[in-house]
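Undergrad: Below is a structure I'd like to ask you about.
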């Protein structure tokens, strides 16, 4: 069995003021000689009260195919006066080939107001590219 190297990253993913969608953000670029096995993705988003993240989409590429995976966030919880928190946590197994990027984009249910954005974490293993 090939050796595995652990991998973790945490990336800030901002919402622009009055925007419903985030831009597509790079979570990681896989080294050319490795394949990434993603095992967990998690995130926390702070938004104005009454707003929540309604979809998180992670995109990977393996075997020459680019595929998107939708993750359903949990319900928003009141955090401080005027703000709410939405979280998501998804154990999974996704692959990303060497030389490719793993990206994420988020959608919120409303566009009004500014946001502190999201912190998105990804963990898994690197192994030699098959």
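Undergrad: Do you know which of the residues in segment 41-68 that are free of Cβ contacts under 8 Å to residues at least 40 places away in the same chain and either more than 23 Å from residue 6 (Cα to Cα) or under 18 Å from the mean Cα position of the chain (by Cα) (or both) is surrounded by the most Cβ atoms within 10 Å (Cβ to Cβ)?
TA: Among those residues, the one meeting the criterion is 62.
Undergrad: Return a yes/no flag: does segment 13-20 have any residue that is surrounded by fewer than 18 Cβ atoms within 10 Å (Cβ to Cβ) and assigned to a strand (DSSP E or B).
TA: No, because not a single residue in segment 13-20 is surrounded by fewer than 18 Cβ atoms within 10 Å (Cβ to Cβ) and assigned to a strand (DSSP E or B).
Undergrad: Would it be correct to say that residue 50 is at positive phi and not in a strand (DSSP E or B)?
TA: yes
Undergrad: On to the next question. Which residue pairs have Cβ atoms closer than 9 Å, lie 6 or more positions apart in sequence or on different chains, and pair a first residue in segment 11-25 that is on the phi > 0 side of the Ramachandran plot and in contact (Cβ under 8 Å) with a residue 24 or more places away in the chain with a second residue that is in a loop (DSSP other than H, G, I, E, B) and surrounded by 15 or more Cβ atoms within 10 Å (Cβ to Cβ)?
TA: Close Cβ pairs (under 9 Å, with a partner that is in a loop (DSSP other than H, G, I, E, B) and surrounded by 15 or more Cβ atoms within 10 Å (Cβ to Cβ)) amount to 18/113.
Undergrad: While we're on this one: Read through the list (1) within 21 Å of residue 123 (Cβ to Cβ); (2) surrounded by 13 or more Cβ atoms within 10 Å (Cβ to Cβ); (3) more than 12 Å from the chain's Cα centre (by Cα), then give the number of the only condition that residue 71 fails.
TA: (3)
Undergrad: While we're looking at this one, here's another question. From the list 111, 87, exactly one residue is modelled with pLDDT under 90 and farther than 22 Å from residue 65 by Cβ. Which is it?
TA: The conditions single out 111.
Undergrad: Out of 94, 122, which single residue is closer than 18 Å to residue 14 by Cβ, within 14 Å of the chain's Cα centre (by Cα) and modelled with pLDDT of 90 or more?
TA: 122
Undergrad: Would you pick out the residues in segment 1-10 that are modelled with pLDDT of 85 or more and under 19 Å from residue 34 (Cβ atoms)?
TA: Residues satisfying the conditions are 5, 6, 7, 8, 9.
Undergrad: Quick check on residue 38: is it within 15 Å of the chain's Cα centre (by Cα) and either buried (at least 19 other Cβ atoms within 10 Å of the Cβ) or at positive phi (or both)?
TA: Yes, satisfied.
The values are calculated or read from the model by the stated rules, or taken from the named source; none is laboratory data. As the structure is a prediction and not an experimental result, all values here were calculated from the model. Cβ atoms come from the backbone with ideal geometry, glycine included; neighbour counts cover every protein chain shown.
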